[in-house]
Amino acid sequence: MAHIALFIWLFSLLALVHTYVLYPFLLRFWARNKPLNPIRFAADDQELPFVSVLMSVYNEEKVMAEKMKSLLDLHYPADKLRLYIGSDCSSDNTHALIAEHISDRLHFVPFEQRRGKPPVINDLAAMAFARVPAGANHVLLLTDASVMLEPEALYRLVRHFKNPGIGVVDACMLSTGTRKEGISQSEERYIGGELQLKSAESRLWGKMIGPFGGCYAMRSDLFEPIPPNSLVDDFYLVFRALEKGAAAINDLDARCYEGATHKVRDEFRRKKRIAAGSFQNLQRFGHWVLPPTTTLGFAFLSHKVLRWLGGFFIILAWLSNAVLAYGNQIFRGLFVAFTLGLCLVPLLNWLLNKFNIHHFYLKSIAYFLAMNAALVAGFLNG
């Protein structure tokens, strides 16, 4: 029994260390000095592909005016850009804010039945392909209403498609409005680490494992209808492109911005939903990690699968540590420290916040534990 508990304890800790420490370190080391795709369109290149922007919205009146300005201010040839926006039965002022900008370049569909994002995106893609058939010279930009693009962001994404091997290009997602209160600084640090890891995967292998989702471009001939019950559609589309042999990269110069999350309960709810969708995708693509003998399988396991299972590894490490604590003073001390860390860190962080005291590292540990709890909750409720 003790040998089994020791194996589970070591395996759980090694899995967490690998996905959060060893894999990012190795990728940055291996990818050092490696350039991102050098085969690019110039800004004035007459061969720049046609771009169809696809965006599904639902009750986005708070950000819709700014988002429309962001899209209409993009620096890209007007005759090669069309916007397709579908409202998933919004009930606020979203429709009116979009209607102000309807033109030959902007096609708006106010769907009257609430169906979720995937069916809306599928319908918009069909509209785009009816106008410009899917092919190497037609690129889709998928974006969310809450994400604001720099004027040059679209060109910086699309320029990489001069390389016929590249199928997906993800933007550099940056947070705005971070503050000491709440979890926004911890979330920003996590996103920053993810950006560097995606960049290293891009430069080393051309296999970025999943985009941020708020703004990414893909070749239209790689798009396929998203299953209607999908909760994380962006990961599904990009991984399907990777399965087909296309490269997926992240460009740190294609910047876009999204407002930071400050309340842990809001981020917990969002991560819980993402977790449920992640385990959907694990069912679809899990064969790549059994065993991870390919570059894609190794990256998928190291970057995503082990993180999705992180909450379970923490639980297993704690339970196996409890078993090992019987009759072993060292493991007894580790178990006490482990238990106090799991219980007291979130409590102490909460108490300090009540007195407007914000300790970054304490807050980051509490954030890490809360997000792993959300992963477990997403699995159980998925």
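Tell me, yes or no, whether the stretch 67-86 has at least one residue that is surrounded by 16 or more Cβ atoms within 10 Å (Cβ to Cβ) and among the acidic types (D, E). No. Residues in the stretch 109-144 that are over 19 Å from L222 (Cα atoms) and either crowded, with 24+ Cβ neighbours inside 10 Å or without any contact (Cβ under 8 Å) to a residue 60 or more places away in the chain (or both): V109, P110, F111, E112, Q113, R114.
Scanning the stretch 46-94 for residues that are under 19 Å from A153 (Cα atoms) and touching a Pro at 6+ places or on another chain (Cβ under 8 Å) returns L48, D73, L74, H75, K80.
Taking the numbered list (1) closer than 25 Å to M218 by Cα; (2) assigned by TED's automatic domain parsing to the domain that holds A130; (3) of a type in the set (G, A, S) in turn, A31 passes all entries but (2). Looking only at the stretch 304-315, decide whether some residue is under 14 Å from the mean Cα position of the chain (by Cα) and without any contact (Cβ under 8 Å) to a residue 24 or more places away in the chain. Within the stretch 304-315 (the criterion being under 14 Å from the mean Cα position of the chain (by Cα) and without any contact (Cβ under 8 Å) to a residue 24 or more places away in the chain), the answer is yes, since at least one residue qualifies.
Checking each residue in the stretch 339-358 for being among the polar types (S, T, N, Q) and surrounded by 14 or more Cβ atoms within 10 Å (Cβ to Cβ) picks out T339, N349, N353.
Would you check if F268 is closer than 28 Å to I365 by Cβ and buried (at least 16 other Cβ atoms within 10 Å of the Cβ)? Answer is yes for this residue.
Checked against the criterion of being surrounded by fewer than 19 Cβ atoms within 10 Å (Cβ to Cβ), more than 30 Å from R115 (Cα to Cα) and in contact with a Ser or Thr (Cβ under 6 Å, 6 or more places away or on another chain), the candidates I8, I4, I39 yield just one match: I8. Among residues of the stretch 5-31 that are on the phi < 0 side of the Ramachandran plot, none has a beta-carbon under 7 Å from a residue that is part of a loop (DSSP other than H, G, I, E, B) and at pLDDT below 95 at least six positions away or on a different chain.
Yes/no matrix, rows are residues, columns are (1) modelled with pLDDT under 95; (2) touching a Phe, Trp or Tyr at 6+ places or on another chain (Cβ under 8 Å); (3) of a type in the set (D, E):
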site	(1), (2), (3)
A2	yes, no, no
L54	no, yes, no
S70	no, no, no
G86	no, yes, no
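The set of residues in the stretch 182-212 being among the polar types (S, T, N, Q) and either crowded, with 21+ Cβ neighbours inside 10 Å or in contact with a strand residue (DSSP E or B) (Cβ under 8 Å, 6 or more places away or on another chain) (or both) consists of S184, S186, S199, S202. Restricting the first member to the stretch 233-253 and to residues that are within 21 Å of I274 (Cβ to Cβ), and the second to residues that are of a type in the set (D, E), the beta-carbon pairs closer than 6 Å and six or more apart or on different chains are N250/D170.
The values are calculated or read from the model by the stated rules, or taken from the named source; none is laboratory data. The model shown is predicted, which means the values in this text are computed figures rather than measured ones. We place every Cβ from the backbone using ideal geometry, glycine too, and count neighbours over all the protein chains shown.
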